[in-house]
Ligand SMILES: C[S@@+](CC[C@H](N)C(=O)[O-])C[C@H]1O[C@@H](n2cnc3c(N)ncnc32)[C@H](O)[C@@H]1O
């Protein structure tokens with residue numbers, strides 16, 4: 001189990017934007033999901049529950065799951081402080097404790113990149129199982145082009161790789177938050193074509209692929225993210241289960 005998060009829980013605890021993804025990736029993913037008031041959304045790999053809480057405060061019924069006990073404990077602690085009705089369970093993406101066709105939508109926000117190819121494929125199959133026909137899946141992640149970009153001005157995210165970067169390549173990721181604190185993780189590279197073809201095989205259609213630009217306003221929010229803007233920092237993918 002990849003629990004690099006166990007040691008870094010404090011880094012991820014937040015109730016307002018902290019890393020660049022909280023200004024760019026996550027709000028865009030929530031917008032792409034659309035109005036889910038009264039519907040069931042599975043926040044898979046929910047971490048400390050940042051997105052779960054945003055959705056629950058908009059009257060969405062949220063089921064949060066994660067395989068990291070410390071991350072989930074932090075999420076549950078927030079829920080005890082401010083009860084939003086979120087139900088959290090410990091689960092791996094490839095073994096979810098939910099019935100077939102039980103959720104209106106599922107989110108995998110910055111989750112798949114932390115998993116090796118075999119687990120990503122099994123996880124997508126499992127997530128597909130729980131989504132109702134006509135329901136949607138949202139994937140959100142650092143833009144696939146970032147790993148192969150050698151732009152020294154992009155300070156918030158760096159990758160090291162041994163050899164060429166292709167689908168399933170293992171990478172060392174260094175993420176820097178707004179206070180300059182570094183978070184290191186083992187991640188894997190996946191292209192847009194990889195995600196699309198895996199979802200295609202599982203019978204998803206109506207793809208919306210949004211390549212998200214890091215704007216000057218986002219960069220101005222903190223010098224730790226460098227001065228460079230106008231590049232694709234993140235990507236959101238929405239697909240509908242047929
Ligand atoms: C960067 S955090 C993102 C948390 C949340 N989705 C967000 O965007 O705020 C990634 C989370 O994915 C979880 N995760 C990674 N691989 C997982 C897997 N195979 N099964 C369940 N959770 C996983 C980690 O434990 C971690 O909490």
Residues of the range 23-37 satisfying the condition of being touching a strand residue (DSSP E or B) at 6+ places or on another chain (Cβ under 7 Å) and more than 7 Å from the ligand (Cβ to nearest atom): 24, 25, 28, 29, 32, 33, 36
Cβ pairs under 7 Å, 6+ apart, first in the range 61-85 and farther than 24 Å from residue 112 by Cα, second more than 9 Å from the ligand (Cβ to nearest atom) and not in a strand (DSSP E or B): 78/53; 79/86; 84/53; 84/56; 84/57; 85/56
Mind telling me which of the residues 117, 152, 97 ends up being modelled with pLDDT of 95 or more, within 30 Å of residue 214 (Cβ to Cβ) and surrounded by fewer than 18 Cβ atoms within 10 Å (Cβ to Cβ)? 117
Of all residues in the range 159-183 being over 17 Å from the mean Cα position of the chain (by Cα) and in contact (Cβ under 8 Å) with a residue 60 or more places away in the chain, which is nearest to residue 142 (Cα to Cα)? 178
Could you check, for the range 184-191, whether at least one of its residues is out of contact with any helix residue (DSSP H, G or I) (no Cβ under 6 Å at 6 or more places or on another chain), within 25 Å of residue 27 (Cβ to Cβ) and not in a strand (DSSP E or B)? yes
Just one of (1) surrounded by 16 or more Cβ atoms within 10 Å (Cβ to Cβ); (2) at pLDDT below 95; (3) more than 15 Å from residue 11 (Cβ to Cβ) trips up residue 190, so point out which. (2)
Criterion: surrounded by fewer than 16 Cβ atoms within 10 Å (Cβ to Cβ), within 21 Å of residue 195 (Cβ to Cβ), more than 13 Å from the ligand (Cβ to nearest atom) and modelled with pLDDT of 95 or more - qualifying residue of 134, 85: 134
Exactly one of 125, 107 is within 14 Å of the ligand (Cβ to nearest atom) and either part of a loop (DSSP other than H, G, I, E, B) or surrounded by fewer than 19 Cβ atoms within 10 Å (Cβ to Cβ) (or both), and that one is 125
Scanning for something near the ligand (Cβ under 8 Å from one of its atoms), within 13 Å of the chain's Cα centre (by Cα) and modelled with pLDDT of 95 or more, does the range 60-70 turn up at least one residue? yes
Within the range 166-176, count every residue that is outside any strand (DSSP E or B) and touching a strand residue (DSSP E or B) at 6+ places or on another chain (Cβ under 7 Å). 2
State yes or no: is residue 158 within 27 Å of residue 23 (Cβ to Cβ), more than 15 Å from the ligand (Cβ to nearest atom) and part of a strand (DSSP E or B)? yes
Here is a list of conditions, (1) on the phi > 0 side of the Ramachandran plot; (2) in contact with a helix residue (DSSP H, G or I) (Cβ under 8 Å, 6 or more places away or on another chain), and residue 163 meets all of them except one; can you say which number that is? (2)
How many of the residues making up the range 13-52 are surrounded by 20 or more Cβ atoms within 10 Å (Cβ to Cβ), under 23 Å from residue 154 (Cβ atoms) and touching a helix residue (DSSP H, G or I) at 6+ places or on another chain (Cβ under 7 Å)? 4
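The values are calculated or read from the model by the stated rules, or taken from the named source; none is laboratory data. Here the structure is a predicted model, which means the values were calculated and not measured. Every residue, glycine among them, receives a Cβ derived from its backbone with ideal geometry; neighbour counts consider all protein chains shown.
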